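Read the structure below first, then the notes.
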Amino acid sequence: MTRFEVLILGNSSATPMYGRHPTSQLLNFNEQLFLIDCGEGTQMQLFRYGIKGSRISHIFISHLHGDHYFGLIGLLSSQHLVGRQNELHLYGPPALKEILDLQFKHSDTRLRYPLVFHSTNEDHSEVIFENAHLSVRSFPLRHRIACTGFRFDEKKRSASLKKEEVERLNIPIPYLRFLKKGIDYVANDGTVYLAKNLTNPPPPPRSYGYCSDTVVNEDYFEEIRGVDLLYHEATFLHDRIERAKETFHTTSLEAAQVAQIVGARKLLLGHFSARYKDLQPLLDESRTIFPHTELSEEGKWFLV
Ligand SMILES: [Zn+2]
């Protein structure tokens, strides 16, 4: 089974508080590492959990509020100083490039490694990354400034061979890859060997939805339809719904409703307001509607 899991590096909104860090997550897909948001202190969190920055190949930034990217210049600079050479792909709002260019210009930094910038689009959803096993979409959320969520979809894998059967029947090796794709094998004597009898079907592809800062809005529901794991911000308890609306944020009750409406399998809450030292009430509130809720605790890995 391909590894597909998320490490929480930061779960705090706005400011670091009670030992909690601003938003950042590390996604491990089959040992390829993706960083999602990069709040202040992210590189220290990576050290703490034994993750080498040089292993991160792609960084996705949802929006330009400081609690989601103030750790970026530090991480990028350190990668330069430790002699990184491999490409780093960065996805975010167009103005992010301007900000970084200015910071590099005035520190007279010429990165030793290729930093490839890709603008995200605040108006429509689109595939922003794709390889043979995974695709990533960005999609608009509704926040005070332009903000996008991200969806990571594992691609459908081929079936696996029933090895003993295949060997027992002496199926020639060149045909094995066709069997895996569901194509039957016809031997020279006309005997038909059905692919479905010689293979195990692949497990269903998994998906991860990441909704950082947003007010609940049905425009993005389709984008996260049916995800296995949904991360949704839950800045406040529902008694602060007015405050949540004013600041374009979500309550834990609303996050649960979203998870239910889109048919997510599991829900992960995060982006907690500094007003909550104890997070249990946020969890309890969400579970009244969506029992499969967890708090995005820092240092914890969550399976997609
Ligand atoms: Zn935020």
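The values are calculated or read from the model by the stated rules, or taken from the named source; none is laboratory data. Just so it is clear, the structure is predicted and the values come from calculations on it, not from any experiment. Every residue, glycine as well, gets a Cβ built from its backbone with ideal geometry; the counts of neighbours run over all protein chains shown. The area values use the complete protein model at the heavy-atom level, side chains included, leaving out ligands, DNA and RNA. Shrake-Rupley method; radii C 1.70, N 1.55, O 1.52, S 1.80 Å.
Cα centroids of the stretch 192-243 and the stretch 1-56: how far apart, whole angstrom? Rounded to whole Å, the Cα centres lie 20 Å apart. Angle of helix 95-106 to the longest C-alpha principal axis of the chain, folded into 0 to 90 degrees and rounded to 10: 70°.
Using the heavy atoms of the protein chains alone and a 1.4 angstrom probe, what is the accessible area of the stretch 160-200 per residue in square angstrom? Show your work: numbers first, answer last.
Working: 3100 Å² over 41 residues.
Solvent-accessible surface per residue comes out at 76 Å².
Here the Gaussian network model covers the chain, with springs between Cα atoms less than 10 Å apart; of Arg20, Arg243, Arg168, Arg168 fluctuates the most.
When the dipole is taken about the Cα centre of the stretch 160-200, and only Lys, Arg (+1) and Asp, Glu (-1) are charged at their Cβ, what size is it in debye, to the nearest 20?
With Lys and Arg at +1 and Asp and Glu at -1, about 240 debye.
Within the same chain, aspartates and glutamates fewer than 8 places from Lys97 are excluded, and of the rest, those with a Cα less than 19 Å from its Cα are Asp37, Glu40, Asp67, Glu87, Asp108, Glu122, Asp123. Leaving out same-chain residues fewer than 8 places away, which lysines sit with a Cα under 23 Å from that of Lys245? Leaving aside lysines fewer than 8 places away in the same chain, those within reach of Lys245 are Lys277.
When +1 charges are put on Lys and Arg Cβ atoms and -1 charges on Asp and Glu Cβ atoms, the dipole computed for the chain relative to its Cα centre reaches about 900 debye. Taking every protein chain into account, the 1.4 Å probe leaves Arg48 with about 150 Å² of accessible area, to the nearest ten. Largest mean-square fluctuation among Ala146, Ala132, Ala14, in a Gaussian network model of the chain whose springs join Cα atoms under 10 Å apart, belongs to Ala132.
With all protein chains in place and ligands, DNA and RNA left out, the 1.4 Å accessible area ranks Tyr193, Tyr185 as Tyr193, Tyr185, largest first. Taking all protein chains into account, the per residue accessible area for the stretch 1-69 stands at 34 Å² (1.4 Å probe).
Per the 1.4 Å probe, what fraction of the accessible area of the chain, in percent, lies on carbon and sulfur atoms?
Details: 7430 of 14560 Å².
Exposed carbon and sulfur together represent 51 percent of the surface.
Rolling a 1.4 Å probe over the protein chains gives Asp219 an accessible area of about 110 Å². Net charge of the neighbourhood of Ala256, taken over other residues with C-beta under 13 Å away and scored Lys/Arg +1, Asp/Glu -1, is -3. Between 0 and 90 degrees, the angle of helix 72-81 with respect to the longest Cα principal axis of the chain falls at about 70 degrees.
Structural descriptor for the stretch 160-200: relative contact order 45 percent, calculated from alpha carbon pairs under 8 angstrom and at least 6 residues apart.
Taking all protein chains as they are arranged and a probe of 1.4 Å, the heavy atoms of Leu194 leave approximately 60 Å² accessible to solvent. Of all lysines in the structure, those lying under 16 Å Cα to Cα from Lys162, and not within fewer than 8 positions of it along the same chain, are Lys180, Lys181, Lys196. When Tyr18, Tyr113, Tyr69 are compared by accessible area at a 1.4 angstrom probe, the order from most to least is Tyr18, Tyr69, Tyr113. Stokes-Einstein diffusion of the stretch 160-200 at 37 °C, 0.692 mPa s viscosity, Kirkwood radius from Cα pairs, rounded to a whole number: 332 µm²/s. For the chain, the alpha-carbon radius of gyration amounts to 1.14 times the rule-of-thumb value 2.2 N^0.38 Å expected for a compact globular protein. Compared with the dominant Cα axis of the chain, that is its longest principal axis, helix 252-262 is turned about 30°.
If you average the sequence gap of Cα pairs under 8 Å that are 6 or more apart and divide by the length of the chain, what percent do you get for the contact order? Reported as a whole number, the value is 16 percent.
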